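Here's the structure we're looking at; comments come further down.
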Amino acid sequence: MVLVGDSYGGAVIGVAGAQAANVVGLVFVNAFALEEGESCLDTGQDFPETSFAASLRFAKFPIPSGGTAIDLYEKPDAFPQSLAGGLRADRAALLPAVQRSVAASALDAVPGGLSV
């Protein structure tokens, strides 16, 4: 089996690939390729700051145990440049409407313990 991950999906396939005996390859497409014990946010420490962080919008949502958590979305006007490079303009313009957010806590988490 070959696993493919994009964006923070790279963190998921990295753990799954290490734990599943039938995985023969990993493909990271513009994805986080983490070292053991590293979080997605840790990887940014080694590189110059980009405009990506400034283009995020934060959305609070209630969690079942009480309190709130934060989801991150790319601002629609920034999406075509930062996350849809190389796509035709008409296709890139549609993507912000269908993007799936990422939980802010997921980017700071160190992956592990995934059941495969």
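May I ask for the longest run of the chain untouched by trypsin sites (Lys or Arg not before Pro) that are loop-located per DSSP and have at most 15 neighbouring C-beta atoms (other than their own) within 10 Å?
Result for the longest clean stretch: 1-87.
Scan segment 52-111 for chymotrypsin sites (Phe, Trp or Tyr not before Pro) in coil per DSSP, keeping those whose Cβ has at most 15 other Cβ atoms within 10 Å, and list them by number.
Answer in residue order: Phe52.
Out of all DSSP beta bridges with both ends in the chain, state the antiparallel percent to the nearest 5.
Approximately 60 percent, going by the DSSP bridge assignments.
For the chain, what class follows from the C-alpha gyration tensor (a ≥ b ≥ c being the square roots of its eigenvalues): rounded when a/c is under 1.5, otherwise prolate if a/b is larger than b/c, else oblate? Mind showing how you got there, number by number?
Values: a/c = 1.69, a/b = 1.24, b/c = 1.37.
It is oblate, given that a/c is not under 1.5 and a/b is not larger than b/c.
Sorted from fewest to most neighbouring beta carbons within 10 Å, what does the list Ile63, Ile13, Ile70 look like?
Ile63, Ile70, Ile13
With an 8 Å cut-off on Cα pairs and a minimum separation of 6 or more residues, tell me the relative contact order of the chain in percent.
Relative contact order here is 26 percent.
What is the distance, in nm, between label points placed 7 Å from the Cα along the Cα-to-Cβ direction at Ala109 and at Asp46?
Each label point lies 7 Å from its Cα, and together they span 2.3 nm.
Taken together, the values in this text are just the output of simple stated rules run on the coordinates, not laboratory data. Worth saying up front: this structure is predicted, and the values here are computed from it rather than measured. Backbone-built Cβ (ideal geometry, glycine too); neighbour counts: all protein chains shown.
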